[in-house]
Amino acid sequence: MRFASLLTTAALGAATLLGSAGTALADSPSPSPSESGSGAGPTVAGTSFRTAASFEQGQTATAEAAGGDYLYWVFPADAGQRPTVKAKVTLPDAATRHGASTWQLDVYDGLRRRQSCMYGMQTRAAGRDATSVELSCTMRPVRALAETWANDPLPGSYYVRLTVVDLPKEDLGLPLRAEVEAVSKDVGGAYAVDGSLAEPLVPGVPTDAQQDDAQNEQASDTDWASGWWSDRWIWTVAGGLLGALAGIGGYTLTRGAGRPSRVPPAA
C-alpha cells in the first residue's frame with residue numbers, strides 16, 4: 001500500500017510538472033511557419049547583400065527583373081527550424097529567346113557564408129520552350145550555437161540569391177518575373193544544444209551615427225528569436241521523474257518488511 005501511495009504521489013507530481021512544461025512550450029515565442037508571415041511580401045528584390053529585400057517566412061516575395069540580374073532577398077530563421085526556400089522564375093516568351101538557360105538558387109547566413117542544402121534542386125536548366133523554372137533548397141536545421149570553425153546554420157538572417165548562370169548573350173536583358181518563399185519545419189529539441197548566441201546574426205549598421213537607431217531597429221527585428229527554451233526540457237524533466245520513480249520502487253522492493261513484531265529490539 002505504501003509503495004502504491006508513493007507511486008501515485010510521484011505520478012501526480014510528474015503530471016503537474018509536465019503540464020507546466022507544456023504550458024511553457026505553448027507560450028514560447030518561437031514562431032511557427034504559419035505565424036511568421038502570410039500573404040504578399042515585397043514586390044522588389046535587391047541587387048546585393050546590402051540592398052536585399054526583407055520578407056517573413058510564409059510570405060511570397062516577387063520581383064520584375066531582367067535576364068542576367070542578381071536578385072537578393074533576406075528572411076529570419078530561428079533555432080529549431082529547418083527552412084525550405086523555393087523560387088520560381090517565369091521566363092520570357094519562347095519566341096523572343098535564343099536558347100536554353102540555367103538558373104541557380106543560393107542561401108547565405110548572416111555572416112554571408114553559403115549554406116549547403118540537404119535536398120532540393122538548387123540548380124536547374126530550362127529549355128528554350130519552357131515557360132518557367134522552379135528551384136528549391138532545404139537547409140540543415142538551425143542550431144542555437146555552434147563551434148567557431150563550423151558552418152552550421154545559426155539563428156539570424158538568411159539571404160536568398162537567385163540568378164542565371166548560363167544564358168545566351170542575346171537573351172540578356174529580357175524581362176522576367178521571379179517569386180521566392182521560405183517556410184520552416186519545426187524539428188524541436190532533437191537538434192538542441194547547450195548554449196545560445198548572445199544576439200542573432202542580423203545585418204549590422206556600419207556607422208556610429210546610426211548606432212542608436214540600429215539598436216532600436218535590431219530589437220524589433222529579433223523579436224522572433226526563441227531564447228533558451230526548447231522541448232528538450234520536457235524530456236529532461238520526464239527522465240528525471242522516471243529515474244526517481246525507479247529509485248523509489250527499487251528501494252521499496254529490496255528493503256523487505258523490516259523486523260518482525262515478535263522479535264524484541266535487542267535480538
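The values are calculated or read from the model by the stated rules, or taken from the named source; none is laboratory data. All of these numbers come straight from a predicted model, not from anything done at the bench. All Cβ positions, glycine included, derive from the backbone under ideal geometry; neighbour counts span all protein chains shown. In case anyone asks, the SASA skips ligands and DNA or RNA and just uses the protein heavy atoms, side chains included. Shrake-Rupley method; radii C 1.70, N 1.55, O 1.52, S 1.80 Å.
Figures for the structure shown
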| read-out | value |
| --- | --- |
| Extension gain (nm, one decimal) between residue 48 and residue 248, 0.36 nm per residue minus Cα-Cα | 65.7 nm |
| Förster radius 22 Å - calculated FRET efficiency between residue 128 and residue 177 (Cβ-Cβ, nearest 0.05) | 0.75 |
| Three-way shape call for segment 73-153 based on the alpha-carbon gyration tensor, with the a/c threshold at 1.5 | prolate |
| Accessible surface of segment 34-129 [probe 1.4 Å, protein heavy atoms]: carbon and sulfur percent | 49 percent |
| Label-point gap, in nm, between residue 66 and residue 96 - each point 7 angstrom along Cα→Cβ | 1.1 nm |
| Label point distance in nm, residue 118-residue 104, each placed 7 Å from Cα along Cα→Cβ | 2.4 nm |
| Exposure of residue 69 as accessible area (Å², to 10), given a probe of 1.4 Å and all protein chains | 70 Å² |
